[in-house]
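Accompanying notes for the structure given below.
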Ligand SMILES: [Zn+2]
């Protein structure tokens, strides 16, 4: 059975210490703090610690002394790393040259998808926070309303439009992901046009502006599978900041009286649909690539299945 009642990437909470973000002395205090640590990010990739003793992989949290200084700094919060008191941790975003000076070995810089499968719950929380903030800054150098340059304030949690003196906040884009079952408790899986053949997962889609989550669930399933669902229930959420998604997991049932065999893929986003029983999943073997354990899709599917999924083929890593 799954080890936790919460999905991967959603199990630990960082003390984000938000009150410190507006403290004008925060940066100077951080620079003078012997316990302070930096999580370097480069091109959306997280630094992994070197583990020569064979212990489990972890994020590369390093002391700020000796690091290249001119870069984006964002305060992530207070993290217990086993010292007398929690360490303040900053995200720092580095360019190619600075990243190579910190760690030249490319394999130690990992995208969130690869890193998440290796690191523990606390590091997953830190990683999602860091990658989300770094992606927001990268995508929002200018004011979306007037196009003027913006500057970073509030320890990296706000950008301010210099022309309008207007504050801009990091954004999060909600998306629903839905485990649909029929009256025989079979689960509906789809194969997305962007994926390799034989990879199947839960249906998902972005919540549209002005739309409640429950309606987004019904609309997405109608659009992608051509069927009506009801009995929509929220399950859990998982941050997926690539670049800014928050996955909201729901269960839904095929609407009473509806015929499961009428499910049809939309042919654009979803190319193939299958209703699978637990026996089908158990016997699928090589024929079917199911979502991996770090995705909320894999976690939800595993809960429905009642055991670890038999076919845990990782996504192509890059
Ligand atoms: Zn502006």
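Readers should treat all values here as calculations from the given coordinates under stated rules, not as data from a laboratory. Not measured: the values here are computed from a predicted model.
Counting only DSSP H runs of at least 4 residues, each contributing -39500 (n - 2.57), and dividing by the residue count of the chain, the helix-based mean residue ellipticity at 222 nm comes to -6000 deg cm²/dmol.
Where Rh is the Kirkwood radius over the Cα pairs of region 210-307, the temperature 25 °C and the viscosity 0.890 mPa s, what D in µm²/s does Stokes-Einstein return? Can you show the working numbers first?
Values: Rh = 15.1 Å.
It comes out at roughly 163 µm²/s.
Here the chain is described by how far its Cα atoms reach on the three principal axes: 66, 53, 34 Å, from widest to narrowest. Restricting attention to the chain, close to 75% of DSSP beta bridges with both partner residues there are antiparallel. Springs join every pair of Cα atoms under 10 Å in this Gaussian network model of the chain, and among 50, 272, 224 the largest mean-square fluctuation is at 50. Of all the options 28, 255, 12, the one that moves most in a Gaussian network model of the chain with Cα springs shorter than 10 angstrom is 28.
The angle separating the long axis of helix 213-225 from the principal Cα axis of greatest extent in the chain is about 60 degrees. Semi-axis lengths, largest first, of the ellipsoid equivalent to region 18-137 are 21, 17, 14 Å, with √(5λ) applied to each eigenvalue of the Cα gyration tensor.
What fraction of the DSSP beta bridges in region 18-137 is antiparallel, stated in percent and rounded to the nearest 5?
The antiparallel proportion sits near 75 percent.
Mind running the shape call on region 123-192? Use the C-alpha gyration tensor, a ≥ b ≥ c as the square roots of the eigenvalues: rounded below 1.5 for a/c, prolate if a/b tops b/c, oblate otherwise. Prolate, because a/c is 1.5 or more and a/b exceeds b/c.
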